[in-house]
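Worksheet: the structure to be examined is printed underneath.
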C-alpha cells in the first residue's frame, strides 16, 4: 500500500540510549562558542570606540599630522 508508514515497535531502552547519545553529542559541540566569542569581542570594541570617540579622533589626527610633517621633510 502506498502512503502507509511501517511503524516498528522499538525497545524503550534503545530510544533512551539514542536520546542520551544525541544530547551528549549536542553538549560536546563547541562550534557556536567561537561565534559567540567573536561577537562579544566585536561588541566590546565597538562600545570602546563609541565611548572614546573624541579622544581617538584627537589621537589619530595627532599621529597623522606628525607623519605628514616628517614625510614632508624627507
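Please pull out the direction-averaged projected area of the chain, using the convex hull of its alpha-carbon atoms, in nm² to one decimal place.
Hull-based average projected area comes out at 13.0 nm².
Under the rule of -39500 (n - 2.57) per DSSP H run of 4 or more residues, summed and divided by the residues of the chain, what mean residue ellipticity at 222 nm is obtained, to the nearest 500 deg cm²/dmol?
Calculated from helices alone, the mean residue ellipticity at 222 nm is -27000 deg cm²/dmol.
Read the figures in this text as sums done on the coordinates, not as results from a lab. This is a predicted model, so every value here is computed, not measured.
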